[in-house]
1. Report whether or not residue 198 is in a helix (DSSP H, G or I) and either in the same structural domain as residue 19 (by TED's automatic domain parsing) or not acidic (Asp, Glu) (or both).
2. Could you look through the stretch 139-176, keep only residues that are touching a residue at least 60 places away in the same chain (Cβ under 8 Å) and β-branched (Val, Ile, Thr), and pick out the one that is farthest from ligand 1 (Cβ to nearest atom)?
3. Within the stretch 289-300, does at least one residue satisfy the condition of being open to solvent by less than 60 Å² (accessible area, probe 1.4 Å), in contact with a Pro (Cβ under 7 Å, 6 or more places away or on another chain) and not β-branched (Val, Ile, Thr)?
4. Collect the residues in the stretch 38-68 that are open to solvent by 70 Å² or more (accessible area, probe 1.4 Å) and more than 16 Å from ligand 2 (Cβ to nearest atom), keeping them in residue-number order.
5. Considering every residue within the stretch 206-217, establish whether at least one is under 30 Å from residue 331 (Cα atoms), assigned to a loop (DSSP other than H, G, I, E, B) and either open to solvent by 10 Å² or more (accessible area, probe 1.4 Å) or out of contact with any Pro (no Cβ under 7 Å at 6 or more places or on another chain) (or both).
6. Do any residues in the stretch 336-347 that are under 15 Å from residue 309 (Cβ atoms) and in the same structural domain as residue 320 (by TED's automatic domain parsing) have Cβ atoms under 6 Å from those of residues that are part of a loop (DSSP other than H, G, I, E, B) and open to solvent by 50 Å² or more (accessible area, probe 1.4 Å), where the two are at least six apart or on different chains, and which pairs are they?
7. Does any residue in the stretch 33-56 that is touching a residue at least 12 places away in the same chain (Cβ under 8 Å) and under 15 Å from residue 234 (Cβ atoms) come within less than 8 Å, Cβ to Cβ, of a residue that is more than 12 Å from ligand 1 (Cβ to nearest atom) and in a helix (DSSP H, G or I) six or more places away or on a different chain, and which pairs are these?
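The values are calculated or read from the model by the stated rules, or taken from the named source; none is laboratory data. These numbers were taken from a predicted model, which means no experiment stands behind them. Note that we place each Cβ from the backbone using ideal geometry, even for glycine, and neighbour counts take in every protein chain shown. These accessible areas exclude ligands, DNA and RNA; they are computed on the full protein's heavy atoms, side chains included. Shrake-Rupley method; radii C 1.70, N 1.55, O 1.52, S 1.80 Å.
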Amino acid sequence: MSIVSIQDVRKEFGDIVAVSDASFDIKDGEFVSILGPSGSGKSTILRMIAGFETPTSGAIAIDGDDVVGVPPFNRNVNMVFQSLALFPHLTVAENIAYGLKQQGVGKEERSERIDEMLSVVHLEGYNDRMPDELSGGEQQRVALARAIVNEPKIVLFDEPLASLDRKLRQHMQRELQRIQAETGITFLYVTHDQEVALAVSDRMILLRDGEIEQIGTAEQLYDSPVSKFVADFIGDANDVEAQVVDSQGDTFTIDVGGDHVTVPSSVAQRPDALSIDGSVDVSFRPDLLSVTNEKPENGQLTIGGTVINRIYKGDEMTFVIETELGEITVHDEGAFDIGDDVAVAVAPESVNVFEKATPATHVE
Ligand code: ADP
Ligand code: MG
């Protein structure tokens, strides 16, 4: 059963279409990220689920109930923002219990729930501290404790970790995962940072200009991106242009910089839409390429070039190869130096082929 169900939701602000045709379902207990560049409509979707914005059209259901028109405090949903907005003049315990008190929960039960929450967020004994006596990470935990203490069905997060330094952010990501698993509450997490989304979520909803571009697990978005936009947004990708020269049942042949390579049609999202002699966008992941100075085997795609940079990365090198098709980044172990003439070897099944991208129509 879906805990959140969004059907054909659209939100306009005057002439601006912030969200259009958005439909998705979130299962009870899932950890889902809404990911996309700044201005792509992430916060607007979250705010419509929370009840701070009303959709221009479309339906939003929480736990099976239509909630359009229902005020935020009647939705069984809590939201955590980047600016934490703890009450500065209240103690940690008072901050956490604030909502419970409003709801008329008695003193004894409040005190039990506070201790339980402080233990969940690993802040036992912090009851009487004031917010300004806490580090940034500790304040985050208090905000989280406050968001889960009344056992909401869903907690919505709008870039809550964006202001933390990298190390603390990574630590809090793991904490969020642990707390989500322990409590079983559905988390819906907005971020523009693909690294965060890949790290924390069961599934991701990737937005582009107010529209959903792709929904899936990290693996699905990484291995089978539906567009060049997704390939570029999730992980690193090398993009080149190519021409379709032939099509034979479940394979087709593309011309990449004068070399022909035959690839399985499964590497294209919509193989039927690719026409012979048409241009396509091709992308390959740096970790599926290799650098070589040997003669290519028959049918193997290689792109000749010169090493222009090498960056040491633990057990691997990142090579930047200048080719006729532009710079190509490769993760490999080889011992090549700057200035070496080499070739980039591309395994046919590691290629992603897309219909020519339509340029983004950015709404600002
Ligand atoms: P994101 O969170 O992905 O950065 P938002 O959902 O905040 O994006 O915004 C999506 C688009 O809607 C942007 O173009 C933004 O300027 C516009 N927008 C958001 N809120 C309002 C508002 N209250 N009034 C007018 N335009 C808005
Ligand atoms: Mg936002």
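1. Numbers: in a helix (DSSP H, G or I): yes; either in the same structural domain as residue 19 (by TED's automatic domain parsing) or not acidic (Asp, Glu) (or both): yes.
Yes: the conditions hold for residue 198.
2. Selected residue: 148.
3. There is no residue in the stretch 289-300 that is open to solvent by less than 60 Å² (accessible area, probe 1.4 Å), in contact with a Pro (Cβ under 7 Å, 6 or more places away or on another chain) and not β-branched (Val, Ile, Thr).
4. The answer is 54, 56, 65, 66.
5. Within the stretch 206-217, one or more residues are under 30 Å from residue 331 (Cα atoms), assigned to a loop (DSSP other than H, G, I, E, B) and either open to solvent by 10 Å² or more (accessible area, probe 1.4 Å) or out of contact with any Pro (no Cβ under 7 Å at 6 or more places or on another chain) (or both).
6. Going by the 6 Å Cβ cut-off, the qualifying pairs are 342/293.
7. Pairs that qualify, where the first residue is touching a residue at least 12 places away in the same chain (Cβ under 8 Å) and under 15 Å from residue 234 (Cβ atoms) and the partner is more than 12 Å from ligand 1 (Cβ to nearest atom) and in a helix (DSSP H, G or I), are 33/196; 33/197; 33/200; 35/194; 35/197; 35/233; 36/233; 37/233.
The rows are residues; the columns are (1) more than 16 Å from ligand 1 (Cβ to nearest atom); (2) outside any loop (DSSP other than H, G, I, E, B).
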{"residue": "3", "(1), (2)": "yes, yes"}
{"residue": "12", "(1), (2)": "no, yes"}
{"residue": "18", "(1), (2)": "no, yes"}
{"residue": "21", "(1), (2)": "no, yes"}
{"residue": "24", "(1), (2)": "no, yes"}
{"residue": "45", "(1), (2)": "no, yes"}
{"residue": "69", "(1), (2)": "yes, no"}
{"residue": "73", "(1), (2)": "yes, yes"}
